[in-house]
Each structure stands twice: as C-alpha cells, then as structure tokens.
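What follows is one structure encoded as structure tokens, with my remarks underneath.
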Amino acid sequence: MWAKLYPINIITSPNSWFERHANEIVKDLSALGFMISLKFSHCDVDKGCIACYLSYQKIVPVEYINKAYQSLVVHASDLPRGKGFSPWVWQILEGKNNIPLCLFEMDEGLDTGNIFQKREMLLQGNELLPEIRSKLAKAIKKILTDHLIESSEPVSYPQNGEETIYKKRTAKDSKLNPTKSLKEQFNLLRIVDNDVYPAFFEYLGKQYTLKVEEKT
C-alpha cells in the first residue's frame, strides 16, 4: 500500500458530529498498519503527511496545505458542480437521493483541486439527519480507505464542467411555511439539526419550533 510510506493525519473540527466517526476511521486504519493520528487543527498537521480533512470547518492556509505530502478532502457533490457549503443538504432539499462524493486534493481555491475518485451515497428518501450522517460517514470512510490501500499512488485528474456554488446555510434556512403540507416540507425536516438549527415556523405573531424524530 503506497500510503504506508507516510504518516496519516485525520483532521476534523472538535466537538462536531463527525468526531466520533473520525475516531473510528483512525482505529480501523491503524488496525491495517497505517501510522495515523487524529488532529483538530490544520496547525498541528505533520510535515510530509497525508492530511485528510474530513468535516473540517476552517479555511486552511496554503502553507499548511503545502506542509503535507498530500492534502485530501471529501466533498459531497459532483465537482465542479455543488462547490461550497453543505452540498449534500442542498441536494436533499432539491429532492435528490443519489448524493455524489468526490475525493480531491486540496489547493488554494474553493473546492477546485484535482479529483482522485467519485462515488455515490444512496438514500431511500426517508432518513432523518442522524441516519443520513451515519451513511455519509460510512461513505467517506470507504472512499478514503480505498484511496489509501491502493498498491500504487492513484493519479488525479482536473475538474471539468460547469461550476456551481452552494451558499452557507444559516438558522433562517430552517424556516417552515405553515401554509404548506408536511409532505411538501419533509426534506427540510429531514436535514435540520434539532439541537442547533431546529425547524421553526411563524404563526399569529409567534414563533414555534417543530422537531421530527423517527418512532421506534
């Protein structure tokens, strides 16, 4: 495996939903014989490592990108379409259940680096946020692991096609329309974070929160 020649750094944001999954990736890749560690800041990446930025929310300065032998990102869109923020969330809101994933090499631009692999995360259309995140984490682990266990270093290729960019989501994007049915707004209810950005609606001068959970 070509990647065993280098230390592997998994970098994710601290206290995020992905932290638990990042720890699992570190454990599983360590069992395969990789020299691997978990980091919570780009400032801590090892020189000459393979830096894997997974659900990392900060902009990485070019000097830290170049510090690593290879800086990798997994982005949930069909690049160059769907650059930017929360791509899988926006695609679910568009009614999509086949969510592309791109493993690409980070550079100075916004999701502009060369692509190594493309895969898909398949949804049924009835998953709520916890299950979507679990499926996404498994898909991220799969595409990254497959890259690292190749016998020789994979070759990347430039992005090609029309560029589109998703905007950053804010709390107001969780607003429901009380005149529309739950069915019409189910995709929004699926992707909102009940703890951080819960769905809400305004009615008769007051604001109400609406949380949906799967009945067990």
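Looking at the square roots a ≥ b ≥ c of the eigenvalues of the Cα gyration tensor of region 33-119, which shape do they give, rounded for a/c under 1.5, prolate if a/b is larger than b/c, or oblate? Cα axes put region 33-119 in the prolate bin. In whole percent, and with a 1.4 Å probe on the protein chains, what portion of the accessible area of region 123-204 is carbon and sulfur? On region 123-204, the fraction of accessible area on carbon and sulfur atoms equals 52 percent. Model label points for Ser30 and Glu94, set 7 angstrom from Cα along the Cα-to-Cβ axis, are 3.9 nm apart.
Annotation note: GluC sites (Glu not before Pro) in region 1-94 located in DSSP loop regions with a Cβ neighbour count of at most 12 within 10 Å are Glu94.
Relative to the compact-globule estimate of 2.2 N^0.38 Å, the Cα radius of gyration of region 109-216 comes out at 1.44.
Were the residues from Asn114 through Ile149 laid out at 0.36 nm apart, the gain over their Cα-Cα distance would be 10.7 nm.
Take the Cβ atoms of Glu105 and Leu204, set R0 to 35 Å, and the FRET efficiency comes out at 0.10. Scaled to the globular estimate 2.2 N^0.38 Å, the Cα spread of the chain, given as radius of gyration, is 1.10. Element breakdown for region 1-42 at a 1.4 angstrom probe: carbon and sulfur atoms account for 54% of the accessible area. Over the residues of the chain, the helix contribution to mean residue ellipticity at 222 nm works out to -7000 deg cm²/dmol, using -39500 (n - 2.57) for each DSSP H run of at least 4. Note that the chain presents 55 Å² accessible area per residue, ligands and nucleic acids not counted, probe 1.4 Å.
The values are calculated or read from the model by the stated rules, or taken from the named source; none is laboratory data. No experiment lies behind these values; they were computed from the predicted model shown. In this analysis, Cβ positions are derived from the backbone assuming ideal geometry, glycine residues included, and neighbour counts consider all displayed protein chains. We work out accessible area using only protein heavy atoms, side chains counted, and drop any ligands, DNA or RNA first. Shrake-Rupley method; radii C 1.70, N 1.55, O 1.52, S 1.80 Å.
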